[in-house]
Structure formats: C-alpha cells, structure tokens
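A.B. asks: This is the structure I want to talk about, given as structure tokens.
The values are calculated or read from the model by the stated rules, or taken from the named source; none is laboratory data. Bear in mind that the values here come from a model prediction, so they are computed numbers and not experimental data. Every residue, glycine among them, receives a Cβ derived from its backbone with ideal geometry; neighbour counts consider all protein chains shown.
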C-alpha cells in the first residue's frame, strides 16, 4: 500500500517523534551510553553550524544525507541519482571499516543514532520498521522508497545511521521526519510522528560503485 509523507514544518530531521505521549529521543554521552561496538564507527558532526551527521565508510569516505552534504564542510564525492544520499571525502581513523550493512524488513526492530544540533551530543532512539513509503522533495525522488519507523528523530540526526537491533549491522541512513503518513487511496492516516530513512537496498549497488571508483 503506497503512502505519502509530509515533513513537519517542511524541514527534514526536525522535531522529536512522540509515541503514545512519550519522547523517545534523548541525549547521552558517547562514552557512557553508546555500545562499544558502535563507538568504533563513530558518527560525526559535519562542523560548526552544520545540521547533520556522517557515517564513516572507509579511511577516505563517509556516508550521509544529500541535504546534509550540500551544506557541510566536506567535499562531495558522489550524489545518489534518486535518493537523499551522498558520499563525502573525510579522513576516518576507525579500525573496523567498512561497517557491515544488512537489509532490514518491515516489523524489524531498529536503533537510530546521530547528533543533536542543539546539544552537539550523541542522540539515540529505538523503534520498529512500520511501512515502506514514497517521499518526494528536492532531495529524494518518489522512485526512492523510504522506510518509516516509530523511533524519535531530532534536528541534526539527518545523515546518521539506522542499525538492525538484532546484530548491529547498518540498515540505512536517516533522512528526515514525517508528522503523518496517509494512504494514497483512502486518505486515511496510517501513522503519525515517524522517522524516515533510506534503506540499504535502495543504495547498495550505487554505494559499491562509488567506493570502488
């Protein structure tokens, strides 16, 4: 069932998703909360005034959202032709690169990680994959289907990582937030206040080519 998304205040990655009245995105110090296995793939802020997060891929490249890369301090190596995804040049010293990816499925539990633009601290949330949905804006074409998850997301988390909760593999890249998802045919609201991410399946082949080039 196709659905359409609407951004909260028109800004991707803005606001905290609230599920049953409870805010799920909270800041934690990296050395006191994030799993040690994830620290070696440390997410990075893009610099003073930047509004996003990157994911180290190789010693030379990082993965992020295209709308984040556009305003970052880093030079862009490649833009995805359909999805809100980009690879930027960045020196990474993490030992366990590249990180392992794995496609996720609807109903799977996922963990979202990034940085808060307000606090400049790591933030995290947990939820479940709810539905595949279309997302059409200046950065993402409708042909690039995204996943909606009932996890919290705050401004600055765009470009951050979505991990499969079962094995800590990377499932995708956070690209935004939607106040609601409606069914295209009936107009009925299916879900409210969801995080949106581009799943690995949508950029796997492209990313392999970019990293090898």
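A.B. asks: Filtering region 40-54 down to residues that are within 15 Å of residue 76 (Cβ to Cβ) and either out of contact with any strand residue (DSSP E or B) (no Cβ under 8 Å at 6 or more places or on another chain) or surrounded by fewer than 23 Cβ atoms within 10 Å (Cβ to Cβ) (or both), which residue is modelled with the highest pLDDT?
C.D. replies: Among residues in region 40-54 that are within 15 Å of residue 76 (Cβ to Cβ) and either out of contact with any strand residue (DSSP E or B) (no Cβ under 8 Å at 6 or more places or on another chain) or surrounded by fewer than 23 Cβ atoms within 10 Å (Cβ to Cβ) (or both), the one modelled with the highest pLDDT is 50.
A.B. asks: Please state which one of 170, 196 is within 13 Å of residue 129 (Cα to Cα) and out of contact with any helix residue (DSSP H, G or I) (no Cβ under 6 Å at 6 or more places or on another chain). Let's see the steps before the verdict.
C.D. replies: Numbers: 170 fails: within 13 Å of residue 129 (Cα to Cα).
Only one candidate qualifies: 196.
A.B. asks: So the check is Cβ under 7 Å with 6+ separation or different chains; which pairs have a first residue in region 69-83 that's touching a residue at least 12 places away in the same chain (Cβ under 8 Å) and a second one that's outside any loop (DSSP other than H, G, I, E, B) and surrounded by fewer than 21 Cβ atoms within 10 Å (Cβ to Cβ)?
C.D. replies: 69/76; 74/89; 75/89; 77/89; 77/210; 78/210; 80/206
A.B. asks: Mind listing just one residue for me: the one in region 155-164 that is surrounded by 24 or more Cβ atoms within 10 Å (Cβ to Cβ) and outside any loop (DSSP other than H, G, I, E, B) and, of those, farthest from the chain's Cα centre (by Cα)? Please lay out each step first, then the result.
C.D. replies: So the first thing to find is which residues in region 155-164 are surrounded by 24 or more Cβ atoms within 10 Å (Cβ to Cβ), and the list is 156-163.
Within this subset, residues satisfying the condition of being outside any loop (DSSP other than H, G, I, E, B) are 161-163.
Numbers: 161: 5, 162: 6, 163: 10 Å.
Residue satisfying both the conditions and the ranking: 163.
A.B. asks: Which condition number in (1) crowded, with 19+ Cβ neighbours inside 10 Å; (2) in contact with a helix residue (DSSP H, G or I) (Cβ under 7 Å, 6 or more places away or on another chain) is the one that residue 76 fails?
C.D. replies: The single condition residue 76 does not satisfy is (1).
A.B. asks: Looking at (1) part of a strand (DSSP E or B); (2) crowded, with 20+ Cβ neighbours inside 10 Å, find the lone condition where residue 152 falls short.
C.D. replies: (1)
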